[in-house]
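The values are calculated or read from the model by the stated rules, or taken from the named source; none is laboratory data. Values in this document were obtained by computation on a predicted structure and should not be read as measured data. Note that each Cβ is placed from the backbone with ideal geometry, even for glycine, and that neighbours are counted across all protein chains shown. For accessibility, only protein heavy atoms count, side chains too; no ligands or nucleic acids. Shrake-Rupley method; radii C 1.70, N 1.55, O 1.52, S 1.80 Å.
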Amino acid sequence: MAILGHAAGGLPMLDLVLAIAHHLAVFALVGLIFAEFVILRPGLEPRRLGQLSALDAAYGLSAVAVLVAGVARVVWGAKGAEYYLSSHAFWGKMGALVIIGILSIPPTLAIMKWKKAAKADPAYVVPEAEIGRMRLFLHIELFLLFLVPIFAAMMARRGLY
């Protein structure tokens, strides 16, 4: 791939491709967690559990894509690893993302449990208290996700503030 290689001035092109991949993955992640939040509400119908499960799986895959593209930018991006690794904003962003990842585990486990229960009993109704608890996790995830572009903007303007 000469277009991405160094011989054709490929570092700027590689950096662009990695940035695009990273940003698209982030937008997908935001859209998917918001879609989960919309569907996960009191009165959740059993037929919606399949949709919620698929959204949650896609959310997990988009998180992996964000991570892979982000690591690739640190390693092969034009700014170089030192730029990122010496930035407090970078570490703030990473910390927020790690906490988001940890907070996403209980809703995923709950969705899996609910889906299994609904499969065993078609009349199964997800308890509203459980939905409320899982929505709290999503509220916190969404708040922390709000911090990520703030840290990203700070990273991009390093040394200017």
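Full extension of the chain between A123 and R47 yields a length gain of 26.3 nm, computed as 0.36 nm times the residue separation minus the alpha carbon distance.
Under a cut-off of 20 Å between alpha-carbon atoms, report the aspartates and glutamates in cross-link reach of K79, not counting same-chain residues fewer than 8 places apart. The qualifying aspartates and glutamates are D15. For the chain, the Stokes-Einstein estimate of translational diffusion at 4 °C and a viscosity of 1.567 mPa s comes to 74 µm²/s, using the Kirkwood hydrodynamic radius over alpha-carbon pairs.
Helical runs assigned H by DSSP (4 residues or longer) give the chain a calculated mean residue ellipticity at 222 nm of -27500 deg cm²/dmol, each run adding -39500 (n - 2.57) before division by the residue total. Ranking of E141, E130, E45 by solvent-accessible surface, largest first: E45, E130, E141 (1.4 Å probe, protein heavy atoms only, all chains present). Helix 88-103 axis versus longest C-alpha principal axis of the chain: approximately 20°, rounded to the nearest ten.
Helix 10-39 and the long axis of the chain differ in direction by around 20°, with both axes built from C-alpha atoms. Summary of the geometry: region 78-105 and region 28-46, compared by the centres of their Cα atoms, lie 26 Å apart. Computed on protein heavy atoms with a 1.4 Å probe, the accessible areas place F146, F37 in the order F146, F37, largest first. When the square roots of the Cα gyration tensor eigenvalues are ordered a ≥ b ≥ c, the ratio a/c for region 63-119 is 1.5 or more and a/b does not exceed b/c, which makes its shape oblate. When W114, W91, W76 are compared by accessible area at a 1.4 angstrom probe, the order from most to least is W76, W91, W114. Quick one: angle between helix 105-120 and the longest Cα principal axis of the chain, in degrees between 0 and 90, rounded to 10, please. With both axes taken from Cα atoms, the answer is about 40 degrees. One decimal place: the segment V75-R135 gains 18.0 nm when fully extended, by the rule 0.36 nm per residue minus the C-alpha distance.
Assuming charge only on the beta carbon of Lys and Arg (+1) and of Asp and Glu (-1), the dipole of the chain about its Cα centre is about 60 debye to the nearest 20. Calculated on C-alpha atoms, the gyration radius of region 2-95 divided by its Kirkwood radius gives an Rg/Rh of 1.15.
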